[in-house]
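Below: one structure, written as structure tokens.
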Amino acid sequence: MNTKRSTPYLSGEILRLISYCPLCEAPTKPLRARILEDKAGGNLIHLQCANCHSSMLALVVNSPFGITSIGLITDLTSDDVLRFKDKAGLTADEVLEVHQLLYKEGDK
Ligand SMILES: [Zn+2]
């Protein structure tokens, strides 16, 4: 785990996100946090509730105007996020190719 931190403190949104689980609202159970990306411009943090095991991703961005954060609920593990975060998105041709593999002519 990368323990080097470029952010000396966390924004209020992140502190609110870390202080309780938004799904089970268990304030006393600690959230497990793993910093996945630590750059000068911001941090990507994976949080998992110790009570209900739901996961959240938090993106903390440092800008000249202050620190902002975005949080979202995910079913990805922290390792999944590391594996997929720099991959290109799916193309329409790839989606059509999978559709053709799954559904043969005449299927509904
Ligand atoms: Zn929870």
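The values are calculated or read from the model by the stated rules, or taken from the named source; none is laboratory data. Please read these numbers as outputs of a predicted model, since none were measured by experiment. Reconstructed Cβ throughout: ideal geometry from the backbone, glycine too, with neighbour counts over all protein chains shown.
Any idea how many residues of the range 1-33 are more than 16 Å from the ligand (Cβ to nearest atom), within 16 Å of Val81 (Cα to Cα) and either modelled with pLDDT of 60 or more or of a type in the set (A, V, I, L, M, F, W, C) (or both)? So that I can check it myself, show each step before the final result.
Residues of the range 1-33 that are more than 16 Å from the ligand (Cβ to nearest atom), as a first pass: 1-15.
Among the residues that remain, those that are also within 16 Å of Val81 (Cα to Cα) are: 1-2.
Adding the requirement that they be either modelled with pLDDT of 60 or more or of a type in the set (A, V, I, L, M, F, W, C) (or both) leaves 1.
So the count comes out to 1.
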Practice prompt. Tell me which residues, restricted to the range 34-57, are β-branched (Val, Ile, Thr) and within 14 Å of the ligand (Cβ to nearest atom).
Written response: none
